[in-house]
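Before any comments, here is the structure.
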Amino acid sequence: MPRPSASGPQSRRSRNSLSPEAILDAAETVASTRLDGLTIRAVAEELGSSPMSLYRYVAGKEELVETLLDRVLGRMPALPETEDPLADLRAFATAHRDLLLAHPWAVPGLIAHPLPGPNALPIGEQALRLLHRLGLDGDRAVATFSGIIALNYGWVSFAIARTAAEAAPSLERITSGASADFPYTVADGAAMARFGSDDHYVTVVDELTGALTGALQSGQER
């Protein structure tokens, strides 16, 4: 049924008033609450339309999900390149992480649909161009790119989970009475409480790119 409005029952939206952009806007509103709740019927209700009117623009739920995920990837900025490709690679990694953090609802879908549409290609192209500038190509470049993407999906998943930290048992309570068994965990307890923080992410990316620099220099010396 159409959703009621403050002024009374909402009338059905005419089929001709729909557009792909309006449908995606409504789909994103639905998905931002719960991606697995994204259905043709739910989007139609958000639009005040009938489900059948949407099939003029989208074949079904699977196409709708992939199109919406591709829309998210299309928001990845094309970063300006500098004379320092390693710094540019760090900027790329951070921008990709920030894109995921801005759309937490999309993360499970993007893990399941890593190539939902054409907007995935510029992201890979941007990273591979930087890696080629660093002297990496083929399997080594693709493996490094995959590692950055995997880091970001994992990191963002942890960061999202941190929002529920207050509901989780505290580290202090878990280790209470057993500190002798977990001396390093207790010693680093304050840092553990900041698990998934922005500065921790910078540390990890700096360490990864630093290791990449060392590997490249070692290869040049051989």
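So the values come out like this:
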quantity	calculated
One residue from Glu125, Glu46 being more than 21 Å from the chain's Cα centre (by Cα) and acidic (Asp, Glu)	Glu46
Test: Leu89 is closer than 27 Å to Gly124 by Cα, assigned by TED's automatic domain parsing to the domain that holds Asn152 and either buried (at least 20 other Cβ atoms within 10 Å of the Cβ) or polar (S, T, N, Q) (or both)	yes
Selection count, region 61-101, where residues are part of a helix (DSSP H, G or I), in contact (Cβ under 8 Å) with a residue 12 or more places away in the chain and not hydroxyl-bearing (Ser, Thr, Tyr)	24
Residue check, Leu128 assigned by TED's automatic domain parsing to the domain that holds Ala27 and surrounded by 15 or more Cβ atoms within 10 Å (Cβ to Cβ)	no
Exclusive hit being aliphatic (A, V, I, L, M), surrounded by 15 or more Cβ atoms within 10 Å (Cβ to Cβ) and over 30 Å from Ala26 (Cβ atoms), set Leu54, Leu151, Leu110	Leu151
Boolean, Arg13 is over 26 Å from the mean Cα position of the chain (by Cα), in a loop (DSSP other than H, G, I, E, B) and at pLDDT below 90	yes
Tally, over region 133-145, of residues that are of a type in the set (Asp, Glu) and part of a helix (DSSP H, G or I)	1
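The values are calculated or read from the model by the stated rules, or taken from the named source; none is laboratory data. Since we're looking at a predicted model, the values are computed, not measured. All Cβ positions, glycine included, derive from the backbone under ideal geometry; neighbour counts span all protein chains shown.
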